[in-house]
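What follows is one structure encoded as structure tokens, with my remarks underneath.
The values are calculated or read from the model by the stated rules, or taken from the named source; none is laboratory data. Everything quoted here is computed from the prediction, not taken from an experiment. Note that each Cβ is placed from the backbone with ideal geometry, even for glycine, and that neighbours are counted across all protein chains shown.
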Amino acid sequence: MTRILIVEDRDALREMLKDFLSERYYVFDSVSAEEGEKNLIHYPDIVLCDLKLPGISGLDFIDIVKEKCPESEVIIMTAFGDIPTAVKAMKKGAFDFIPKPLDLNLLSVLIKKAEKSISMKRIIGKENAEFQIIGESSVFKNTLSIALKYAAANVPVLISGESGSGKEVVAKYIHLNSDRKENLFVPINSAAIPASLFESELFGYSKGSFTGAVTSKKGLIEIAEGGTVFFDEIGDLPLNLQPKILRLIENGEYQRIGGEEFLKADVRFLFATNKNLKQLVEEKKFNEGLYRRISTFTVNIPPLRERVEDIPALAEYFLKKAGATGKLLDTALKSESVENLKRLKWAGNVRELKNLMEKWVILEKVVFDNSFETEGDIIAVELSPDKTFKDINYEFERKIFEFYLKKHKGNKLALAKDLNMNYKTLLNKLARLGL
Ligand SMILES: Nc1ncnc2c1ncn2[C@@H]1O[C@H](COP(=O)(O)OP(=O)(O)OP(=O)(O)O)[C@@H](O)[C@H]1O
Ligand SMILES: [Mg+2]
């Protein structure tokens with residue numbers, strides 16, 4: 001049950017509030033800030049405090065509450081029209097203020113809002129405490145140190161990297177190292193929201209703006225107020241929305257659908273892509289202005305195969321997260337199996353490693369055979385007009401031979417037999433392919 005501390009020197013008002021609030025909340029009350037301070041040992045969730053008190057004032061009491069019970073929300077009761085003091089209270093971190101004489105309906109609404117904010121803060125606090133980013137390699141540490149520099153600067157950042165390399169984790173890392181960490185981190189997957197709904201999801205709509213809009217609805221930008229919005233797969237953002245996003249980043253302004261006035265957003269923007277945005281701009285598939293605005297500060301996450309030193313720590317982290325203990329954990333982390341992991345291609349990067357570790361735990365066995373990764377794999381060779389036919393053919397052949405080598409666990413004699421190839425010819429071929 002939510003605990004409310006009332007601090008009010010006028011007996012009649014205090015008793016009335018106590019009666020009113022005791023129906024739904026656990027209430028304790030004090031006649032002064034001095035007595036209220038003693039009551040803080042009960043950790044109230046909400047402090048409802050008069051501004052003019054004998055002794056320590058309501059304004060100074062906000063500081064005491066913030067110091068002793070930082071999670072509590074303070075609602076200040078002010079004399080009607082005393083806006084300057086109310087503003088001072090808000091600056092000191094009060095949740096809100098309510099003018100006297102009190103409108104009890106309004107009070108109920110404010111308390112509900114404060115309760116929501118408290119539970120949100122607890123969820124965010126728990127999530128933040130659980131967050132971990134793993135990386136031992138100097139390449140990855142370097143990536144993180146760049147991200148850390150941007151974190152403090154409140155600038156838009158474009159994070160690039162292959163699928164599963166950790167773009168969202170790095171975005172979260174930036175958010176958690178910024179002064180917005182107490183507020184929400186809102187990921188928006190530009191590829192997953194249908195283009196027709198994108199604008200209303202993002203900006204919300206006003207009542208009556210279209211058939212079916214019976215109430216107004218907050219958009220994700222408004223929900224993220226004070227926090228960070230992470231636009232994932234920004235290359236898939238509908239082209240017609242891109243100028244609106246540019247305006248939002250530049251001026252913090254946007255319009256709800258059907259809304260006349262421009263709303264102001266206090267939000268930080270992070271972006272991720274695994275596409276070549278510059279190329280999309282050249283092909284007129286991405287807004288040039290937006291590209292320029294978001295590509296000043298970039299973080300590139302190297303693929304896992306270029307930082308295999310991260311594999312042991314990541315494997316251990318994912319195994320433990322999946323519940324591995326004792327013998328299973330020891331066997332999985334034996335240098336032999338870790339060395340095998342380092343040799344794999346990791347086309348799906350860290351996500352693939354995470355999935356594999358989960359599979360190991362679920363199946364309660366560690367697969368030492370390193371050919372499993374290639375099962376059902378598709379050969380992918382990047383075609384590009386810059387490459388010669390020879391280059392492409394070379395890459396293609398190399399992958400085929402690599403697969404067969406793995407199949408025979410490196411036994412070249414068996415491979416020659418399987419391919420019905422002269423052994424010497426095979427050796428020459430492998431040498432030419434650098435295998
Ligand atoms: N350095 C890391 N430390 C801990 N976990 C990580 C790390 N990198 C990635 N992960 C985990 O791997 C998974 C994939 O990471 P993430 O979602 O950030 O990748 P992504 O680059 O955004 O992928 P996609 O391109 O598919 O959107 C997630 O479960 C994430 O928590
Ligand atoms: Mg992602």
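Filtering region 149-163 to residues that are within 14 Å of ligand 1 (Cβ to nearest atom) and out of contact with any Leu (no Cβ under 7 Å at 6 or more places or on another chain) leaves L158, S160, G161, E162, S163.
Within region 270-287, the set of residues being within 16 Å of ligand 1 (Cβ to nearest atom) and over 16 Å from P238 (Cβ atoms) comprises L270, A272, N274, N276. Of everything in region 164-184 that is among the small types (G, A, S) and within 8 Å of ligand 1 (Cβ to nearest atom), the residue that is surrounded by the fewest Cβ atoms within 10 Å (Cβ to Cβ) is G164. Per this entry, S138 is counted among residues that are surrounded by fewer than 18 Cβ atoms within 10 Å (Cβ to Cβ) and within 16 Å of ligand 1 (Cβ to nearest atom). Going by the conditions given, is Y43 exposed (fewer than 13 other Cβ atoms within 10 Å of the Cβ), touching a residue at least 12 places away in the same chain (Cβ under 8 Å), under 23 Å from K121 (Cα atoms) and touching a Lys or Arg at 6+ places or on another chain (Cβ under 9 Å)? Spelling it out, Y43 is indeed exposed (fewer than 13 other Cβ atoms within 10 Å of the Cβ), touching a residue at least 12 places away in the same chain (Cβ under 8 Å), under 23 Å from K121 (Cα atoms) and touching a Lys or Arg at 6+ places or on another chain (Cβ under 9 Å).
The set of residues in region 185-201 being more than 13 Å from I234 (Cβ to Cβ) and either crowded, with 19+ Cβ neighbours inside 10 Å or among the hydroxyl-bearing types (S, T, Y) (or both) consists of F185, S196, E199, S200. Screening T374 with (1) polar (S, T, N, Q); (2) loosely packed, with under 15 Cβ neighbours inside 10 Å; (3) modelled with pLDDT under 80 gives one miss only, at (2).
The conditions of being farther than 22 Å from V267 by Cβ and more than 16 Å from ligand 1 (Cβ to nearest atom) are met by E67.
Taking every residue in region 301-316 that is within 9 Å of W346 (Cβ to Cβ) and pairing it with any residue that is surrounded by 17 or more Cβ atoms within 10 Å (Cβ to Cβ) and polar (S, T, N, Q), at least 6 positions away or on another chain, the pairs with Cβ-Cβ distances below 6 Å are P303/S165; P303/N349; L304/N349. Looking at the structure I just gave you, is A191 in the same structural domain as L148 (by TED's automatic domain parsing) and within 16 Å of ligand 2 (Cβ to nearest atom)? Taking the combined requirement at face value, the residue satisfies it.
Applying the criterion of being among the β-branched types (V, I, T) and surrounded by fewer than 18 Cβ atoms within 10 Å (Cβ to Cβ) to the residues of region 301-342, the residue that is nearest to the chain's Cα centre (by Cα) is V308.
Just a yes or no: is a residue in region 202-215 among the hydroxyl-bearing types (S, T, Y) and within 11 Å of ligand 1 (Cβ to nearest atom)? The answer is no; no qualifying residue exists. Evaluating G258 against the criteria (1) out of contact with any Ser or Thr (no Cβ under 6 Å at 6 or more places or on another chain); (2) of a type outside the set (A, V, I, L, M); (3) more than 13 Å from L202 (Cα to Cα) leaves one unmet condition, (1). Taken together, A86, A114 contain a single residue that is buried (at least 16 other Cβ atoms within 10 Å of the Cβ), of a type in the set (A, V, I, L, M) and modelled with pLDDT of 95 or more, which is A114.
Please count how many residues of region 202-216 are at positive phi and buried (at least 19 other Cβ atoms within 10 Å of the Cβ). Looking only at that region, the number is 1.
Give all pairs with beta carbons closer than 7 Å in which a residue from region 186-213 that is of a type in the set (V, I, T) meets a residue that is part of a loop (DSSP other than H, G, I, E, B) and buried (at least 16 other Cβ atoms within 10 Å of the Cβ); count only pairs at least 6 apart in sequence or on separate chains. What qualifies is V186/A224; V186/G227. Cβ-Cβ distances below 6 Å connect no pair with a first residue in region 3-29 that is more than 17 Å from I75 (Cβ to Cβ), a second residue that is polar (S, T, N, Q), and a separation of six or more residues or different chains.
Taking the numbered list (1) among the hydrophobic types (A, V, I, L, M, F, W, C); (2) touching a strand residue (DSSP E or B) at 6+ places or on another chain (Cβ under 9 Å); (3) within 30 Å of W346 (Cβ to Cβ) in turn, L106 passes all entries but (3). The set of residues in region 337-352 that are within 15 Å of ligand 2 (Cβ to nearest atom) and assigned to a helix (DSSP H, G or I) comprises N349, V350, R351, E352.
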